[in-house]
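Take a look at the structure below.
The values are calculated or read from the model by the stated rules, or taken from the named source; none is laboratory data. It should be emphasised that the depicted structure is a prediction, and the values quoted were computed from it without experimental measurement. Backbone-built Cβ (ideal geometry, glycine too); neighbour counts: all protein chains shown.
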Ligand code: HEC
């Protein structure tokens with residue numbers, strides 16, 4: 001876990017506080033130092049099953065995505081503050097698996113950690129229910145997704161065709177395929193497994209921490225000081241109740257123009273916003289056809305400047321889309 005502080009060359013500047021502020025919120029059930037030694041250099045199978053609640057202000061993630069830096073040395077960075085639950089659990093023991101048919105067995109071994117024993121997933125956290133998957137997807141699609149994975153779902157490249165067919169059969173409610181014991185040359189059983197990246201949300205799907213949940217900041221790289229910091233994104237139903245905009249989980253960076261504008265989509269609320277890059281004030285916003293988890297681009301045609309953004313949606317539970325939208329600057 002690297003903090004921004006590792007890249008911070010000016011000691012004591014406020015950038016350093018970014019990561020540690022989250023830890024001070026005390027949602028972490030163990031001191032991070034203890035957690036570090038428990039994880040044991042990433043060798044999960046060397047430790048017992050445990051669960052930890054942690055906060056990931058995605059500043060590092062954001063910095064890996066495109067961010068805008070002005071020639072004057074101002075960095076514009078958007079960040080999400082989302083709580084995650086990381087956990088290990090015991091892998092099922094051979095005795096529990098022995099009585100199951102093949103599809104049920106492989107599902108229990110490979111899919112239960114995320115999609116759950118009852119196949120209900122955790123829709124608020126972005127893990128779909130598989131209860132009626134046959135109504136939404138064809139068998140081949142499910143088969144292929146098991147191999148390739150998708151977004152937060154890992155691919156299972158080592159499963160045989162027979163195993164995948166059996167899992168698909170299990171999900172589509174086919175009759176039982178005869179069970180199969182572990183083959184003699186099966187790799188040794190790993191006693192614990194990682195339960196995936198699960199958002200820690202309340203029963204309505206909001207992050208289980210106090211806002212802000214998403215922010216946009218201007219940081220002067222010459223001094224390390226914040227010039228301004230504002231929330232990015234909102235939940236309209238909360239704003240309607242008089243709650244100040246909370247910010248929302250966001251992916252995709254901003255683009256800065258010479259005319260002092262900062263354009264950014266990135267939020268779950270599907271808006272595209274123009275900020276005054278000197279003050280952080282929203283100057284203009286519009287609803288996109290789908291959330292744009294992408295960085296805008298700007299270009300010029302016949303002396304007129306445009307800004308364009310890809311609206312793909314289909315992340316963090318938003319509806320999918322497939323359009324590019326370009327706006328002409330006044
Ligand atoms: C680490 C957690 C994780 C594991 C393990 C996992 N999945 Fe998923 N699965 C997800 C997530 C997250 C999605 C949603 C992906 C997206 O955003 O499109 C998903 C989506 C799916 C979908 C698409 C459902 C829909 O309605 O779009 C299917 C089918 C599926 N998983 C089957 C499986 C099967 C079968 C296994 C076991 C072989 C499995 N998954 C293991 C996390 C997981």
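Quickly run through segment 167-196 and pick out the residues that are near the ligand (Cβ under 10 Å from one of its atoms) and at pLDDT 75 or above. Give the derivation first.
The initial filter retains those residues of segment 167-196 that are near the ligand (Cβ under 10 Å from one of its atoms), namely 167-168, 170-171, 193-196.
Answer for segment 167-196, where residues must be near the ligand (Cβ under 10 Å from one of its atoms) and at pLDDT 75 or above: 167, 168, 170, 171.
Go through the residues of segment 258-279 one by one and say whether even a single one is within 16 Å of the ligand (Cβ to nearest atom) and within 24 Å of residue 318 (Cα to Cα).
Step one: filter segment 258-279 for residues within 16 Å of the ligand (Cβ to nearest atom), giving 268.
Keeping just the survivors that are within 24 Å of residue 318 (Cα to Cα) gives 268.
The answer is yes; a qualifying residue exists.
When segment 113-157 is examined, which residues are found to be more than 8 Å from the ligand (Cβ to nearest atom), in a helix (DSSP H, G or I) and either closer than 13 Å to residue 170 by Cα or free of Cβ contacts under 8 Å to residues at least 24 places away in the same chain (or both)?
Scanning segment 113-157 gives 134, 135, 139, 140, 143, 144, 147, 148.
What strands (runs of 3 or more DSSP E) completely inside segment 250-324 contain at least 3 residues that are modelled with pLDDT of 90 or more and surrounded by fewer than 19 Cβ atoms within 10 Å (Cβ to Cβ)?
Result: 282-287, 297-301, 304-313.
Kindly list the number of the only condition in (1) in a helix (DSSP H, G or I); (2) more than 8 Å from the ligand (Cβ to nearest atom); (3) free of Cβ contacts under 8 Å to residues at least 60 places away in the same chain that fails for residue 164.
For residue 164, the failing item is (2).
Given the criteria surrounded by fewer than 17 Cβ atoms within 10 Å (Cβ to Cβ), touching a strand residue (DSSP E or B) at 6+ places or on another chain (Cβ under 7 Å), part of a loop (DSSP other than H, G, I, E, B) and outside the structural domain of residue 153 (by TED's automatic domain parsing), does residue 245 qualify? Spell out the reasoning first.
On the way: surrounded by fewer than 17 Cβ atoms within 10 Å (Cβ to Cβ): no; touching a strand residue (DSSP E or B) at 6+ places or on another chain (Cβ under 7 Å): yes; part of a loop (DSSP other than H, G, I, E, B): yes; outside the structural domain of residue 153 (by TED's automatic domain parsing): yes.
So residue 245 does not fit the description; no.
Restricting to segment 288-310, name every residue that is within 21 Å of residue 213 (Cβ to Cβ) and in contact with a strand residue (DSSP E or B) (Cβ under 6 Å, 6 or more places away or on another chain). First the steps, then the outcome.
Looking only at segment 288-310, we keep the residues that are within 21 Å of residue 213 (Cβ to Cβ), and these are 288, 290-295.
Once the filter is applied, which keeps residues that are within 21 Å of residue 213 (Cβ to Cβ) and in contact with a strand residue (DSSP E or B) (Cβ under 6 Å, 6 or more places away or on another chain), segment 288-310 yields 288, 290, 291, 292, 294.
From 107, 76, which residue is outside the structural domain of residue 254 (by TED's automatic domain parsing) and outside any loop (DSSP other than H, G, I, E, B)?
Values: 76 fails: outside the structural domain of residue 254 (by TED's automatic domain parsing).
The unique qualifying residue is 107.
Of the residues that make up segment 218-240, is at least one crowded, with 22+ Cβ neighbours inside 10 Å, assigned by TED's automatic domain parsing to the domain that holds residue 78 and touching a helix residue (DSSP H, G or I) at 6+ places or on another chain (Cβ under 8 Å)?
yes
Residues of segment 98-114 being out of contact with any helix residue (DSSP H, G or I) (no Cβ under 8 Å at 6 or more places or on another chain) and under 21 Å from residue 161 (Cα atoms), which ones?
98, 112, listed by residue number.
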